Amino acid sequence: VQLVESGGGLVQAGGSLRLSCTVSGIDFSTAAMGWHRQPPGKQRELVAGITSSGTTNYVDSIRGRFAISRDDGNNTVFLDMKNLKPEDTAVYYCTAHSGSWRYPDYWGQGTEVTVSS
């Protein structure tokens, strides 16, 4: 199983980025997918999730600024981030879930997002 993230980088506050995660080795169309992030010196947290049927959920800190979506034909999940803030600086991880959102089955290697003020 592989989850490969891309799209991270350095951006100024107010800017936008699109993260992508391409998945192989699982039945992507039946998996719920999530994006976690870990800011420097802080714990990792789930910030966005999308079920196999397309239902989305977000933590309050990113609601209205980030959007998770999926392309089942290409086994890819996206996180579109706009109006980025310095507090969004973190390593972002793609995750695959067959059950609980709290305990992903698989993790990507992470992609770093740095938002400068």
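The values are calculated or read from the model by the stated rules, or taken from the named source; none is laboratory data. Worth saying up front: this structure is predicted, and the values here are computed from it rather than measured. We place every Cβ from the backbone using ideal geometry, glycine too, and count neighbours over all the protein chains shown. For accessibility, only protein heavy atoms count, side chains too; no ligands or nucleic acids. Shrake-Rupley method; radii C 1.70, N 1.55, O 1.52, S 1.80 Å.
Of the residues making up the range 106-117, those that are over 15 Å from the mean Cα position of the chain (by Cα) and open to solvent by 30 Å² or more (accessible area, probe 1.4 Å) number 2.
Looking at the range 29-41, is at least one residue open to solvent by 40 Å² or more (accessible area, probe 1.4 Å), out of contact with any Ser or Thr (no Cβ under 9 Å at 6 or more places or on another chain) and within 19 Å of Asp105 (Cβ to Cβ)?
yes
Among the residues of the range 91-117, those that are of a type in the set (Phe, Trp, Tyr) and either in contact with a Lys or Arg (Cβ under 7 Å, 6 or more places away or on another chain) or not in a loop (DSSP other than H, G, I, E, B) (or both) comprise Tyr92, Tyr93, Tyr106, Trp107.
Among the residues of the range 52-109, those identified as within 24 Å of Ile26 (Cα to Cα) and of a type in the set (Gly, Ala, Ser) are Ser52, Ser53, Gly54, Ala67, Ser69, Gly73, Ala96, Ser98, Gly99, Ser100, Gly108.
Taken over the range 90-111, the criterion of being among the hydroxyl-bearing types (Ser, Thr, Tyr) and under 15 Å from Val77 (Cα atoms) is satisfied by Tyr92, Tyr93, Thr95, Tyr106, Thr111.
Of the strands (runs of 3 or more DSSP E) contained entirely in the range 1-90, those carrying at least 1 residues that are within 14 Å of the chain's Cα centre (by Cα), free of Cβ contacts under 8 Å to residues at least 24 places away in the same chain and within 29 Å of Ser117 (Cβ to Cβ) fall at 45-50, 56-58, 66-71. Please specify each residue of the range 12-34 satisfying the condition of being of a type in the set (Gly, Ala, Ser), closer than 12 Å to Ser52 by Cβ and in contact with a helix residue (DSSP H, G or I) (Cβ under 7 Å, 6 or more places away or on another chain). Once the filter is applied, which keeps residues that are of a type in the set (Gly, Ala, Ser), closer than 12 Å to Ser52 by Cβ and in contact with a helix residue (DSSP H, G or I) (Cβ under 7 Å, 6 or more places away or on another chain), the range 12-34 yields only Ser29.
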